[in-house]
Amino acid sequence: MIRMAHEFEALTVPGPTVTEESRPFWEAAAGGKLMIQQCEQCDRWVFYPRSHCPGCWSDRLAWREASGMAKLKSYSVVHRAGHPAWQSLAPYALALVQLDEGPSMLTTLVDMRFEALEIGMPLQVRYVRVGEFTLPMFTAAQAYAALFIA
C-alpha cells in the first residue's frame with residue numbers, strides 16, 4: 001500500500017499548537033524549509049523547539065536550516081487513527097526519523113510502499129499542506145526512490 005502526499009491535502013484536521021518557541025519552525029515549513037535549532041554554546045542540533053539546549057542548558061539557541069535528509073529509525077503503520085479526522089487516511093505510516101544533523105523527529109511517511117520500508121533507509125523531507133499548516137513529512141531519498149515507490 002502507498003499513502004500519497006496529495007491524499008493528506010484534503011484533510012480537515014486540528015493543527016499543531018504553535019508556541020513562541022515553535023513559531024519559527026512552522027513559518028519555515030510553510031515556506032518549504034526545515035529549520036531546527038542549534039546551540040551556539042555547544043553546537044548541538046536541537047529538535048523539538050525549546051528555550052534551552054538539552055545538552056548544556058544554554059539559552060543561546062539559533063535557528064538554522066537543516067539538510068532535510070534523514071534515516072528511518074522506527075515506524076508503525078497506523079490502522080486506527082488517534083483522532084477521527086485522520087481515520088479516512090488509515091492505514092498510514094508514522095515514523096521516527098533521525099535527521100542527518102542528529103535529532104530525531106516524529107513524522108509521517110508518504111509516497112512509499114509500506115512493504116518496502118526498512119530501518120536505516122535514507123529519507124528526504126517532503127512538505128505537505130494539511131489544513132492550514134504545512135507539515136514536514138518524509139519520503140525515500142531521491143537516489144533510492146525507485147526502490148521504494150510503486
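Given a Förster radius of 30 Å and the C-beta distance between Thr19 and Met69 as r, what FRET efficiency does 1/(1 + (r/R0)^6) yield to the nearest 0.05?
E between Thr19 and Met69, to the nearest 0.05, is 0.70.
Along the Cα-to-Cβ line of Ser88, 7 Å from the Cα, sits a label point; which residues in region 9-27 have backbone N less than 12 Å from it?
9-13
Based on the Cβ-Cβ distance of His6 and Phe133, what FRET efficiency does E = 1/(1 + (r/R0)^6) give at R0 = 25 Å, to the nearest 0.05?
0.95
Which net charge results when you count Lys and Arg as +1 and Asp and Glu as -1 among the other residues whose beta-carbon is under 12 Å from that of Gln38?
Residues near Gln38 contribute -1 overall.
Using a probe radius of 1.4 Å on heavy atoms only, what accessible surface per residue do you get for the chain? Whole Å² is fine.
I get 53 Å² per residue for the chain.
Any idea what the relative contact order of the chain is, in percent, if you count C-alpha pairs under 8 Å spaced at least 6 apart?
Answer for the chain is 27 percent.
With springs connecting C-alpha atoms under 10 Å apart, model the chain as a Gaussian network and identify which of Gln87, Gln37, Gln98 has the largest mean-square fluctuation.
Gln87
State the percentage of accessible surface on region 12-93 attributable to carbon and sulfur atoms; use a 1.4 Å probe and exclude ligands, DNA and RNA.
Solvent-exposed carbon and sulfur of region 12-93 make up 49 percent of the total.
Tell me, what is the 1.4 Å probe accessible area of Phe114, in Å² to the nearest 10?
About 30 Å², ignoring ligands and nucleic acids.
Please give the charge dipole size of region 24-93, origin at the Cα centre, charges +1 on K and R Cβ atoms and -1 on D and E Cβ atoms. Round to the nearest 20 debye.
It works out to roughly 260 debye.
Helix-derived [θ] at 222 nm for the chain: sum -39500 (n - 2.57) over DSSP H runs of at least 4, divide by residue count, nearest 500?
The per-residue figure over the chain is -2000 deg cm²/dmol.
Name the residue from Thr107, Val128, Trp26 whose Cα lies farthest towards the positive end of the charge dipole of the chain, charges +1 on Cβ of Lys and Arg and -1 on Cβ of Asp and Glu.
Farthest towards the positive end: Thr107.
Where the only charges are on Cβ atoms (+1 Lys, Arg; -1 Asp, Glu), what is the dipole of the chain about its Cα centre, to the nearest 20 debye?
Dipole magnitude for the chain comes out near 220 debye.
Would you please give the residues with an amide H less than 5 Å from that of Asp111, counting only those at least 5 places away or on a separate chain, with H modeled from the backbone geometry?
Result for Asp111 returns Arg3, Met4, Ala5.
Taking the chain as a whole, which cysteines find no other cysteine Cβ under 4.7 angstrom from their Cβ?
Singleton cysteines: none in the chain.
Have a look at Pro16, Pro24, Pro136 and tell me which one the Gaussian network model of the chain (Cα, springs below 10 Å) gives the largest fluctuation.
Among Pro16, Pro24, Pro136, the largest GNM mean-square fluctuation belongs to Pro16.
The values are calculated or read from the model by the stated rules, or taken from the named source; none is laboratory data. Remember, predicted model here, so these are calculated numbers, not experimental data. Cβ coordinates were reconstructed from backbone atoms using ideal geometry, including for glycine residues, and neighbour counts include every protein chain displayed. Heads up: the accessible areas ignore ligands, DNA and RNA and are worked out on the full protein's heavy atoms, side chains in. Shrake-Rupley method; radii C 1.70, N 1.55, O 1.52, S 1.80 Å.
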